[in-house]
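Peer 1: I have a structure I would like to understand better, so I am pasting it below and will then ask my questions one at a time.
Taken together, the values in this text are just the output of simple stated rules run on the coordinates, not laboratory data. Worth saying up front: this structure is predicted, and the values here are computed from it rather than measured. Positions of Cβ are backbone-derived with ideal geometry, glycine not excepted, and every protein chain shown enters the neighbour counts.
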Amino acid sequence: MTLLEVEGLDVFHGDLQAVFGLAFCVAEREAVALVGANGAGKTTFLRALVGLIDSKQGRIRFDGGDIQDTPAETIARLGLGMVPEGRMLFDTLTVEENLLMGQVSKRSGSWTLRRVFDLFPALEERRGHLPRQLSGGQQQMVSIGRALMCNPRLLLCDEISLGLAPVMVEQIYGAFNDIRKEGTALVLVEQDVKRAASASDRIYCLLKGRVSLTAKAGDVSVAELTQAYFGM
Ligand code: ATP
């Protein structure tokens, strides 16, 4: 069943249009990679989906209902969650308090503090630490854990591997397997095409705010992807 369906979406930053007529869909339990160069419009698209950008037109349906005019808080409660670019943790709250903040928009479901600690044991050891006392990878785990605490049906992840050590990226992508087993669908936004594609069923490439390619992750050649990514 289709969980998220986007048709003809335009998104604006003031006078600047950043996303043009976008069509995009994610099925239940599916993992989809969304790749594209700097400035292609990936973050703008995600922020528009979760209600953080109002200046948009087109249709966004989630779990069978229109959400293009729905406030962000309600969208989170419906089960559309996001791990934002740059993690956006609360600096003065501990790891545990940051995770519990995710419950503000909580839906019923299986994710609890216990389950997040089982997924990322490093966080349980550091539950009383402040974010600045953690490595970048551990901070990213807090950001993912906080989003899971809402029990999302679909989790949008914005460039989570950016600037992290490869071993941390491995750990986090390993955790995605467990998250998918819980039935959560994923959208993985990355500049690292290989990484995102290897963890996904399908791939979309954005170029200057438009979809330049959509394919099954295993079906696309490097040459096709390079052309779609850079527009060459
Ligand atoms: P990156 O990988 O660098 O995050 P991206 O694919 O996520 O890039 P966006 O950040 O969505 O791309 O940017 C798309 C376009 O919108 C760019 O031209 C960018 O300069 C512009 N843009 C993004 N945010 C704003 C903003 N708050 N105000 C004005 N223009 C913006």
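Peer 1: Using R₀ = 35 Å, calculate the FRET efficiency as 1/(1 + (r/R₀)^6) where r is the Cβ-Cβ separation of Ala72 and Ala122; round to 0.05. Spell out each step's value before the answer.
Peer 2: Numbers: r = 30 Å, r/R0 = 0.84.
The computed FRET efficiency comes out at 0.75.
Peer 1: For region 30-141, what is one quarter of the convex hull surface built on the Cα atoms, given in nm²?
Peer 2: Details: hull surface 34.2 nm².
Convex hull of Cα atoms, orientation-averaged projection: 8.5 nm².
Peer 1: Given the options Leu16, Leu52, Leu186, state which has the largest fluctuation in a GNM of the chain using a 10 Å cut-off (strictly under) for Cα springs.
Peer 2: Leu16
Peer 1: For every helix of n ≥ 4 consecutive DSSP H residues, a contribution of -39,500 (n - 2.57) applies; sum these over the chain, divide by its total residues, and give [θ] at 222 nm rounded to the nearest 500 deg cm²/dmol.
Peer 2: Values: 9 runs with 78 residues, N = 232.
Value at 222 nm, helices only: -9500 deg cm²/dmol.
Peer 1: Sticking with this structure for a sec: Which aspartates and glutamates does Lys181 reach when only Cα atoms under 15 Å apart count, and residues fewer than 8 places away in its own chain are ignored?
Peer 2: By straight Cα distance, Lys181 reaches Glu28, Glu30, Asp118, Asp201.
Peer 1: Let me ask something else. Which percent, to the nearest 5, of DSSP beta bridges fully inside the chain are antiparallel? Display every interim value, and only then the final one.
Peer 2: Working: 22 of 40 bridges.
That works out to approximately 55 percent antiparallel.
Peer 1: Over the chain, with a Gaussian network built from C-alpha contacts below 10 Å, which listed residue (Asp118, Asp54, Asp219) shows the highest mean-square fluctuation?
Peer 2: In this elastic network of the chain, the residue with the biggest mean-square fluctuation among Asp118, Asp54, Asp219 is Asp219.
Peer 1: Expressed as an acute angle from 0 to 90° and rounded to the nearest 10, what is the orientation of the C-alpha long axis of helix 136-148 relative to the principal long axis of the chain?
Peer 2: Long axis of 136-148 versus the principal axis of the chain: about 80 degrees.
Peer 1: Among Thr44, Thr214, which comes first, second and so on when ranked by fewest other beta-carbon atoms within 10 Å?
Peer 2: On the way: Thr44 23, Thr214 16.
Ranked by crowding around the Cβ, least crowded first: Thr214, Thr44.
Peer 1: Continuing with this model, one more query. So what's the angle, to the nearest 10 degrees on a 0 to 90 scale, between helix 166-181 and the longest Cα principal axis of the chain?
Peer 2: Approximately 80 degrees, to the nearest ten.
Peer 1: I need to check one value: relative contact order of the chain, counting alpha carbon pairs closer than 8 Å and at least 6 residues apart, in percent.
Peer 2: Details: 465 pairs, mean separation 63.3, N = 232.
This gives 27 percent for the chain.
Peer 1: Pick from Gly136, Gly21, Gly128 the residue whose mean-square fluctuation is largest in a GNM of the chain, springs joining Cα atoms under 10 Å.
Peer 2: Gly128
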